[in-house]
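Below is one structure, written out as structure tokens; the observations come after it.
Quick note: the coordinates plus some simple rules give every number you see, no bench work behind them. All figures in this text were calculated on a predicted structure; none of them were measured in a lab. No Cβ is skipped: glycine too gets one built from the backbone with ideal geometry, and neighbour counts run over all protein chains shown.
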């Protein structure tokens, strides 16, 4: 877990939050940017959208926090304007946050012609600004995102984390994200003491809040996939104390037996074990239909972007060959959903038959399935009756 000096860092964040709200009230874009980040709910009625300059209207429309829109003609008019008038730069030349919002507006319009106009528009000033000393590290990173999108490399931790938390450019690798989180806390303290712009401080406050929520749901020590597999492999150790009584343990008590009779029981057991560790665990996650198929994930761990697929072998009628086929089909259906196409998949089989002589071959077969990242087989405790 990322160390946070709560008494200092949290108080500093609250102070900065109040500061940006106070400093933003006279600037319509800053007011809307705070609303976009979820840092404020006030001030949107304090200005007349239609009376604002064209560039500001386009930037605010890109944030999507107002019902007001701009026409494609107006957007084209803005994108047709030069970066300078008589050697004097236009307002957007050094306003990376506003230019980023215009990029989002263009994306929302989904118009190839306007997209080309946007690329031509930023070519008139963005590269030159990014290579100059006029922008700070964070503004240069935003300029990089505006120019490069998915292929961008960022020097700061704040900007890629901002894009991640806004689901604009997700960082699915858990370890990479936690490394950025650690770097960000240093950036936050350093920048918070400086004289940064209102927009940048707003970004720092937003990412700080998101990081602390993220850390709250990330397992201790930042579990990796190997940590998860190691934990699951050791479940049989705990099953030695599974309740299965032949006689009551106290006077007059009836014997208690905890049967595991189907796949849902195994799924519930795993939820009980993993829930306290992974606070973001989700079960029975419905995916996009694939033809007549309606795939559903048994368990999903967002912080590890990992799917857990549960199988149950009640008796010898369910062959290991059939189970491998089912797992292969399920994996292919999960991959068909864009959200989970690059998720890790771990298969867990509860084997009531305790056919341990087959388990190694079964695991080998499952791991040969494209996209499978782990296979665990748990034999039902020997005390359980067939």
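Fewest Cβ neighbours within 10 Å first, please rank 166, 313 accordingly.
166, 313
Summing -39500 (n - 2.57) over the DSSP H runs of n ≥ 4 in the chain and dividing by its residue number, what mean residue ellipticity at 222 nm do you reach, to the nearest 500 deg cm²/dmol?
Mean residue ellipticity, 222 nm, calculated: -14500 deg cm²/dmol.
Rg over Rh for the chain works out to 1.10, using Cα positions for both radii and the Kirkwood form for Rh. Of all DSSP beta bridges confined to the chain, the antiparallel ones make up roughly 40%. Comparing 338, 253, 152 in a Gaussian network model of the chain (Cα springs below 10 Å), the most mobile by mean-square fluctuation is 253.
Return the percentage of antiparallel bridges among DSSP beta bridges fully within region 225-379, rounded to the nearest 5 %. Looking only at bridges with both residues in region 225-379, the antiparallel portion is about 40 percent. Among 17, 265, sorting on how many other beta-carbon atoms sit within 10 Å of each Cβ, with the fewest leading, yields 265, 17.
Name the most mobile residue of 20, 159, 237, meaning the one with the largest mean-square fluctuation, in a Gaussian network model of the chain with Cα contacts below 10 Å. Ranking 20, 159, 237 by mean-square fluctuation puts 237 first.
I'd like the distance separating the alpha-carbon centroids of region 266-282 and region 312-386, in whole Å. Using only Cα atoms to place each centre, the spacing works out to 19 Å.
Using the 10 angstrom Cβ neighbour count as an exposure proxy, how do 134, 305 rank, fewest first? By the 10 Å Cβ count, ascending: 134, 305. Built from the Cα atoms of region 6-217, the convex hull projects on average onto 12.3 nm², one quarter of its surface area. Could you work out the relative contact order of region 4-96? I mean the mean sequence separation of Cα pairs under 8 Å and 6+ apart, divided by the number of residues, in percent. Relative CO of region 4-96 lands at 18 percent. Nearest 10 degrees is fine. How inclined is helix 54-63 to the longest principal axis of the chain, computing both from alpha carbons? The helix 54-63 is inclined about 10 degrees to the chain. P(r) tail, region 225-379: Cα-Cα pairs separated by more than 18 Å, 61% of all pairs.
Here the relative contact order of the chain, from alpha carbon pairs under 8 Å that lie six or more residues apart, stands at 12 percent. Inter-part distance, region 25-44 to region 233-252, computed on C-alpha centroids, equals 58 Å. Quick one: angle between helix 112-122 and the longest Cα principal axis of the chain, in degrees between 0 and 90, rounded to 10, please. The answer is roughly 60 degrees. Helix 320-335 and the long axis of the chain differ in direction by around 10°, with both axes built from C-alpha atoms.
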